[in-house]
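Throughout, read-outs are computed from the coordinates displayed, never taken from laboratory work. Everything numeric here is computed off the predicted structure, so don't read it as measured data. Cβ atoms come from the backbone with ideal geometry, glycine included; neighbour counts cover every protein chain shown.
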Amino acid sequence: MKMKADRPYSDPEKAARRIMEHARAFEPVQDGRIYIEKINYPMLYQDKATPAEYWAG
């Protein structure tokens, strides 16, 4: 019997794919760099991933 459903980004490969989707959504600013805030915010607050899931990705 499961008490909780599986987290959507508990698989590191799924989390990595989602992080790359966020990274591709933004135009690089300087020398191909992307502001890390542009990836952190959507992953942690909009997708509701935990820091451990983000770190695993």
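Across the range 1-22, what is the total count of residues that are in a loop (DSSP other than H, G, I, E, B) and surrounded by fewer than 11 Cβ atoms within 10 Å (Cβ to Cβ)? I'd like the intermediate steps shown before the answer.
Of all residues in the range 1-22, those in a loop (DSSP other than H, G, I, E, B) come to 1-11.
Cutting the leftovers down to surrounded by fewer than 11 Cβ atoms within 10 Å (Cβ to Cβ) gives us 1-6.
So the answer is 6.
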*asked:* Please go through the range 17-50 and give me each residue that is closer than 14 Å to Arg7 by Cα and in contact with a helix residue (DSSP H, G or I) (Cβ under 7 Å, 6 or more places away or on another chain), ordered by number.
replied: Arg18, Met43, Leu44, Asp47, Ala49
_Take the conditions loosely packed, with under 14 Cβ neighbours inside 10 Å, more than 8 Å from the chain's Cα centre (by Cα) and not polar (S, T, N, Q) and apply them to Ala25. Does it pass?_
yes
*Identify, from the list Arg33, Arg17, the residue that is over 11 Å from the mean Cα position of the chain (by Cα) and not acidic (Asp, Glu).*
Arg33
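Looking at Pro8, Pro42, can you tell me which residue is within 9 Å of the chain's Cα centre (by Cα) and either on the phi < 0 side of the Ramachandran plot or free of Cβ contacts under 8 Å to residues at least 60 places away in the same chain (or both)?
Working: Pro8 fails: within 9 Å of the chain's Cα centre (by Cα).
After applying the criteria, what remains is Pro42.
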